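Colleague: Sharing a structure with you now.
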There are 2 protein chains.
Amino acid sequence: MPDNFEPDSNPLVAGDKAGLTACEEALMLRVGTVRLYSPDSPAYREGDQADNVFIIRAGIARASRLLPDGRRQIVAFLWANDLFGLAEDGAYINTIEAVTTLDVVRTPVAAMNELLRADARISLDMARRTAHSLREAQRHILCLGQLDVPRRVARFISDCASHVELFDERTNVLCMPMKRLDVADYLGTSIEAVARAVTQLESAGLIERRLRRDFLIPDPALLRDYATRATHGS
Amino acid sequence: MPDNFEPDSNPLVAGDKAGLTACEEALMLRVGTVRLYSPDSPAYREGDQADNVFIIRAGIARASRLLPDGRRQIVAFLWANDLFGLAEDGAYINTIEAVTTLDVVRTPVAAMNELLRADARISLDMARRTAHSLREAQRHILCLGQLDVPRRVARFISDCASHVELFDERTNVLCMPMKRLDVADYLGTSIEAVARAVTQLESAGLIERRLRRDFLIPDPALLRDYATRATHGS
DNA sequence: CGGGGCCTTGAGTCACTTCAAGACGGGTGG
DNA sequence: CCACCCGTCTTGAAGTGACTCAAGGCCCCG
């Protein structure tokens with residue numbers, strides 16, 4: 001049994017470890033069911049009664065929230081092995097929709113609680129996964145609070161390129177499945193600003209457009225550097 | 001023994017519950033030590049080796065990150081009963097500094113891991129606390145991504161007013177301990193923009209200045225509504 | 001080949017930033 | 001107790017990045 005569970009690794013302190021432990025996946029599968037969602041279809045909506053917890057086996061999802069005036073904030077994109085189902089007072093706080101075809105294990109909360117009670121390692125694993133999401137959320141906050149739009153877009157593209165599902169390391173080609181509107185709503189900006197930023201990054205030589213959502217990234221490290229460099233000055 | 005630990009409450013799903021369970025606090029105290037920090041002094045800095053986990057007994061702290069160009073993002077304010085010590089690959093990812101006098105229990109990670117192994121409820125509690133921070137972080141993301149500066153400030157003041165340490169419900173007076181610079185760095189804007197927003201909220205009748213950081217809030221619900229209302233239109 | 005999303009570009013406007021004074025207030029020493 | 005002083009906060013004026021509105025182009029699909 002592959003054991004990437006380490007009793008001594010503190011969930012708050014540990015780095016991001018590999019995905020599901022075999023035993024955890026088996027447990028989840030025993031009480032949960034596999035489900036598929038096609039692009040743009042929702043797993044649930046904010047405000048729905050929180051009856052299930054999900055783990056992504058494959059595909060990408062977006063977690064978003066709607067404002068009274070119809071504006072939308074995408075609070076996170078969710079990837080393979082990510083857990084979702086965050087709720088408050090029994091109701092989901094985000095809407096989850098598939099970006100690509102999405103393959104999940106859906107586990108009823110009641111059954112999940114059985115698991116948590118039966119096996120302490122699952123609680124710890126849950127804490128670790130949640131801590132991972134928290135680190136991501138804080139990175140996102142940094143991005144929204146301090147970066148101008150071209151840098152936000154650069155960072156987003158760079159982050160996408162760190163996912164093997166999307167980035168071919170041999171050809172350096174990134175295939176982003178999300179539309180401009182998704183990117184804009186994630187980065188707290190407008191579609192047009194994203195389009196302009198892409199153009200700008202291209203003329204800076206950091207990316208090259210292939211198709212509308214496919215980019216060649218000549219030097220991924222350079223792109224990453226650009227995203228973290230100061231807004232003004234050099 | 002007061003039991004606010006509920007074996008059936010899923011950390012992802014549960015609302016925010018009361019603070020430390022008596023037994024958890026006792027456990028933390030048995031292996032941890034009480035420490036005090038005076039305003040503006042750090043508990044640790046980003047990049048430091050992550051040897052300890054902390055729980056706030058009283059006081060307020062800020063969790064911040066520095067950018068290469070010296071800009072600072074405050075990713076969260078931390079309140080009584082909040083856990084901190086978030087790290088990645090053995091190093092803290094944020095700097096933690098006291099805003100007010102700060103009273104914490106500091107527990108070595110090794111000892112904390114003993115606790116986690118010995119008592120499954122502590123893992124679950126940790127997951128629940130982390131989920132709480134994640135919800136807060138997502139609210140913050142929403143704020144940074146979608147709200148204009150006056151609304152961000154309104155929401156911040158409103159959030160502060162929901163903390164009994166700062167808000168007197170009898171007089172409706174809020175005493176904010178953080179400086180304008182802290183507020184600006186938290187909200188991803190400039191000191192000046194915060195000052196102008198405060199002036200604007202005052203002339204809109206939503207707040208009244210008492211001292212520089214003390215406000216009277218005639219109608220807290222009205223202030224909260226303003227913060228969530230659309231940027232344009234009514 | 002035509003139609004409809006999706007994406008890009010342009011032009012004008014506005015909110016926020018930056019730079020620069022000035023005002024307040026709280027603490028200290030005379 | 002008052003005067004001073006320094007950090008903090010507010011206000012003003014000019015500049016700019018991003019938003020909105022609007023038009024045009026691309027690409028995929030039927």
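Colleague: Just to check your reading of the model, which residue among A:Glu136, A:Glu165, A:Glu169 is open to solvent by 20 Å² or more (accessible area, probe 1.4 Å) and touching a strand residue (DSSP E or B) at 6+ places or on another chain (Cβ under 7 Å)? Before you say what the answer is, go through the steps one by one.
Modeller: Working: A:Glu165 fails: touching a strand residue (DSSP E or B) at 6+ places or on another chain (Cβ under 7 Å); A:Glu169 fails: touching a strand residue (DSSP E or B) at 6+ places or on another chain (Cβ under 7 Å).
The conditions single out A:Glu136.
Colleague: Let me ask something else about it. Filtering the range A:65-76 down to residues that are over 15 Å from A:Ser190 (Cα atoms) and surrounded by fewer than 22 Cβ atoms within 10 Å (Cβ to Cβ), which residue is farthest from the other protein chains (Cβ to nearest Cβ)?
Modeller: The first filter runs over the range A:65-76 and keeps only residues over 15 Å from A:Ser190 (Cα atoms), leaving A:65-69, A:75-76.
Okay, now just the ones that are also surrounded by fewer than 22 Cβ atoms within 10 Å (Cβ to Cβ), so A:65-69.
Numbers: A:Arg65: 6, A:Leu66: 10, A:Leu67: 6, A:Pro68: 6, A:Asp69: 3 Å.
Per the stated criteria, the residue is A:Leu66.
Colleague: For the range B:42-64, what are the residues that are over 19 Å from B:Asp182 (Cα atoms), assigned to a strand (DSSP E or B) and open to solvent by less than 20 Å² (accessible area, probe 1.4 Å)?
Modeller: B:Val53, B:Phe54, B:Ile55, B:Ile56
Colleague: Take the range A:174-193 and flag every residue that is more than 15 Å from A:Ser64 (Cα to Cα) and away from DNA strand D (no atom under 11 Å from the Cβ).
Modeller: Selection gives A:Leu174, A:Cys175, A:Met176, A:Pro177.
Colleague: Moving to a separate point now. Would you please name the residue that is farthest from the other protein chains (Cβ to nearest Cβ), looking only at residues in the range B:85-97 that are in a strand (DSSP E or B) and surrounded by fewer than 23 Cβ atoms within 10 Å (Cβ to Cβ)? Full working, then the answer.
Modeller: So in the range B:85-97, the residues in a strand (DSSP E or B) come out as B:87-88, B:91-92, B:95-97.
With surrounded by fewer than 23 Cβ atoms within 10 Å (Cβ to Cβ) added as a condition, the list becomes B:88, B:91, B:95, B:97.
Numbers: B:Glu88: 5, B:Ala91: 9, B:Thr95: 12, B:Glu97: 16 Å.
Within the range B:85-97, the match that is farthest from the other protein chains (Cβ to nearest Cβ) is B:Glu97.
Colleague: Let me ask another. Of the conditions (1) open to solvent by less than 30 Å² (accessible area, probe 1.4 Å); (2) modelled with pLDDT of 95 or more, A:Ala230 fails just one. Which one is it?
Modeller: Single failed check for A:Ala230: (2).
Colleague: Can you tell me how many residues in the range A:184-218 are open to solvent by 70 Å² or more (accessible area, probe 1.4 Å) and in contact with a helix residue (DSSP H, G or I) (Cβ under 9 Å, 6 or more places away or on another chain)?
Modeller: Total satisfying the criteria: 8.
Colleague: Just name the residue that is most open to solvent (accessible area, probe 1.4 Å) out of those in the range A:107-133 that are aliphatic (A, V, I, L, M) and more than 9 Å from chain B (Cβ to nearest Cβ). Can you show your working first?
Modeller: If we filter the range A:107-133 for residues that are aliphatic (A, V, I, L, M), which is where we start, we get A:109-112, A:115-116, A:118, A:120, A:122, A:124, A:126-127, A:131.
Applying the additional criterion that residues be more than 9 Å from chain B (Cβ to nearest Cβ) yields A:111, A:115, A:118.
Working: A:Ala111: 22, A:Leu115: 15, A:Ala118: 88 Å².
Among them, the one singled out is A:Ala118.
Colleague: Just need a number here: residues in the range A:139-162 that are of a type in the set (Val, Ile, Thr) and open to solvent by 20 Å² or more (accessible area, probe 1.4 Å). Quick ask: steps written out before the conclusion?
Modeller: Applying the first criterion (of a type in the set (Val, Ile, Thr)) to the range A:139-162 yields A:141, A:149, A:153, A:157.
When the remaining residues are screened for being open to solvent by 20 Å² or more (accessible area, probe 1.4 Å), the result is A:149.
Here the count works out to 1.
Colleague: If you scan the range A:73-127, which residues turn out to be among the basic types (Lys, Arg) and under 22 Å from A:Asn10 (Cβ atoms)? So that I can check it myself, show each step before the final result.
Modeller: Within the range A:73-127, the first condition is being among the basic types (Lys, Arg), and the residues that meet it are A:106, A:117, A:121.
A:Arg117, A:Arg121, listed by residue number.
Colleague: Residue under question is B:Leu181, and the condition is that it be modelled with pLDDT of 95 or more and surrounded by 15 or more Cβ atoms within 10 Å (Cβ to Cβ); does it hold?
Modeller: On the way: modelled with pLDDT of 95 or more: yes; surrounded by 15 or more Cβ atoms within 10 Å (Cβ to Cβ): no.
Considered against the rule, which asks whether it is modelled with pLDDT of 95 or more and surrounded by 15 or more Cβ atoms within 10 Å (Cβ to Cβ), B:Leu181 comes out as no.
Colleague: Also: Which pairs do you get when a residue that is closer than 14 Å to B:Arg212 by Cβ, found in the range B:186-197, comes within reach of a residue that is surrounded by fewer than 19 Cβ atoms within 10 Å (Cβ to Cβ), reach meaning Cβ atoms under 9 angstrom, with the pair 6+ apart or on two chains?
Modeller: Qualifying pairs under 9 Å: B:Ile191/B:Lys179; B:Ile191/B:Arg180; B:Ile191/B:Leu181; B:Val194/B:Val149; B:Val194/B:Arg180; B:Val194/B:Leu181; B:Ala195/B:Arg180.
Colleague: How many of the residues making up the range B:197-225 are away from DNA strand D (no atom under 14 Å from the Cβ) and assigned to a helix (DSSP H, G or I)?
Modeller: Number of matching residues: 6.
The values are calculated or read from the model by the stated rules, or taken from the named source; none is laboratory data. These numbers were taken from a predicted model, which means no experiment stands behind them. Glycine gets a Cβ as well: all are built from the backbone with ideal geometry, and neighbour counts include every protein chain shown. Heavy atoms of the whole protein, side chains included, go into the accessibility calculation; ligands, DNA and RNA do not. Shrake-Rupley method; radii C 1.70, N 1.55, O 1.52, S 1.80 Å.
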